[in-house]
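Engineer: Before I ask anything, here is the structure I am working with.
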Amino acid sequence: MAKIKVTKVKSAINRTKNQKRTLEALGLKRIGQTVEHDDTPNILGMVNKVKHLVSIETA
């Protein structure tokens with residue numbers, strides 16, 4: 001299965017609780033932190049929800 005790298009590039013301050021929880025579920029806590037996930041529909045939906053706070057690249 002394909003992998004994607006998700007990096008947090010913006011702060012979650014003044015964001016909705018859903019967006020903050022989505023970042024936590026992705027494993028992102030600090031700005032600049034990168035995590036690697038499988039390219040599944042669940043993960044892509046989560047990334048799409050916070051696309052303005054993260055950057056995505058294929059691994």
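Engineer: Across the stretch 45-59, which residue is nearest to residue 8 (Cα to Cα) among those that are among the β-branched types (Val, Ile, Thr) and open to solvent by less than 80 Å² (accessible area, probe 1.4 Å)?
Structural biologist: This residue is 54.
Engineer: Criterion first (part of a helix (DSSP H, G or I), surrounded by fewer than 11 Cβ atoms within 10 Å (Cβ to Cβ) and touching a helix residue (DSSP H, G or I) at 6+ places or on another chain (Cβ under 8 Å)) does residue 42 satisfy it?
Structural biologist: Against the criterion (part of a helix (DSSP H, G or I), surrounded by fewer than 11 Cβ atoms within 10 Å (Cβ to Cβ) and touching a helix residue (DSSP H, G or I) at 6+ places or on another chain (Cβ under 8 Å)), residue 42 does not qualify.
Engineer: Pick from the stretch 3-27 the residues that are among the polar types (S, T, N, Q), under 10 Å from the mean Cα position of the chain (by Cα) and open to solvent by 20 Å² or more (accessible area, probe 1.4 Å): which of them is farthest from residue 45 (Cα to Cα)?
Structural biologist: Looking at residues that are among the polar types (S, T, N, Q), under 10 Å from the mean Cα position of the chain (by Cα) and open to solvent by 20 Å² or more (accessible area, probe 1.4 Å), I get 7.
Engineer: Restricting to the stretch 28-37, count the residues that are open to solvent by 60 Å² or more (accessible area, probe 1.4 Å) and closer than 19 Å to residue 2 by Cα. Talk me through it step by step, then tell me what you get.
Structural biologist: Step one: of the stretch 28-37, the residues open to solvent by 60 Å² or more (accessible area, probe 1.4 Å) are 29-31, 34, 36.
Subset that is closer than 19 Å to residue 2 by Cα: 34, 36.
Count: 2.
Engineer: Kindly list, by first and then second residue, each pair from a residue in the stretch 46-59 that is over 22 Å from residue 1 (Cα atoms) to a residue that is of a type in the set (A, V, I, L, M), limited to pairs with Cβ atoms under 6 Å and residues at least 6 apart or on different chains.
Structural biologist: Cβ pairs passing all conditions: 50/23.
The values are calculated or read from the model by the stated rules, or taken from the named source; none is laboratory data. Owing to the predicted nature of the structure, the values given are computational and were not obtained by experimental measurement. We place every Cβ from the backbone using ideal geometry, glycine too, and count neighbours over all the protein chains shown. Heavy atoms of the whole protein, side chains included, go into the accessibility calculation; ligands, DNA and RNA do not. Shrake-Rupley method; radii C 1.70, N 1.55, O 1.52, S 1.80 Å.
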